[in-house]
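Structure, as structure tokens:
All of the numbers you see were taken from the coordinates with simple rules; none came from a lab. In this text, all values refer to a predicted model and were calculated from it rather than measured experimentally. Here the Cβ positions follow ideal geometry from the backbone for every residue, glycine too, while neighbour counts run over all protein chains shown.
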Amino acid sequence: MEIERKFLIKELPVDLSSYQCLTLEQAYLCTDPVVRIRRQDQDYYLTYKGKGLLSREEYNLPLNERAYRHLLAKADGILISKKRYLIPIPQPSFADGFTPPDLPLNLKVELDIFDPPLAPLILAEVEFPDEKSANAFLPPSWLAEDVTHDPNYHNSNLSKKIL
């Protein structure tokens, strides 16, 4: 199960280069249901995602490069390329005195900086162990509008159009 919230950002962290950075490219074989292929640095995956906005089923299966390239030729829409920065949230805040049941949470912002044709889009995602934690989470000040419930910001929908 994937439980995540998505945000636009107000500003990039000043020390962005100090965080781990992954290079991703992904394409979609189908968007209903979502069937995605992804290259993450030198690793390859086939992913199935169920319906939902805040939470949904997600299954990842490993691929090799040959299978990835074969499936890439069959993908619909644009190839999405982006840099993903993994930014820890050392002291996450929660609304109304909520305390997550599983501490520490080790939450992190996955900050995606999209390459053309989706540039200058930048999205941030935070994954959670449960929906209560996700709903009570107070984002760091550098995150802006919560777009979790806007399907236009799902990568599967972004692959179908240019902003």
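The table that follows gives values for the structure above.
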quantity	calculated
Estimated 222 nm signal from helices in the chain, with DSSP H stretches of n ≥ 4 weighted -39500 (n - 2.57), rounded to 500	-2500 deg cm²/dmol
Rough spin-label spacing in nm, given labels placed 7 Å along Cα→Cβ, for D32 and S141	4.3 nm
Principal axes of the range 19-163: Cα extent on each, largest first, Å	50, 30, 29
5 angstrom amide H check on L107, placed H, neighbours 5+ away	I89
Long pairs among K108/K161; K132/K160; K49/K132; K6/K161, criterion Cα-Cα beyond 24 Å	K108/K161; K132/K160
Backbone N within the range 23-57 under 19 Å of label point (7 Å from K74 Cα along the Cβ vector)	26-39, 44-50
³J(HN,Hα) computed for each position of the range 106-116 - Karplus, 6.51 cos²θ - 1.76 cosθ + 1.60, integer Hz, glycine/proline x	6, 6, 8, 8, 9, 9, 9, 10, 7, 7, x
Relative contact order (%) - the chain, alpha-carbon pairs under 8 angstrom, separation at least six	31 percent
Semi-axis lengths (Å, descending) of the ellipsoid that matches the C-alpha gyration tensor of the range 1-73	24, 19, 10
Alpha-carbon centroids, the range 50-95 and the range 141-160: separation in whole Å	13 Å
Label zone at Q42, where the point sits 7 Å out along the Cα-to-Cβ direction: the range 61-102 residues whose backbone N lies under 19 Å	62-69, 84
Residue-span extension gain [A67 to K10] - 0.36 nm each, minus C-alpha spacing	16.7 nm
Hz values of 3J(HN,Hα) by residue in the range 31-47 - Karplus curve (6.51, -1.76, 1.60), Gly and Pro given as x	10, 8, x, 6, 10, 10, 10, 9, 10, 10, 6, 10, 10, 10, 9, 10, 10
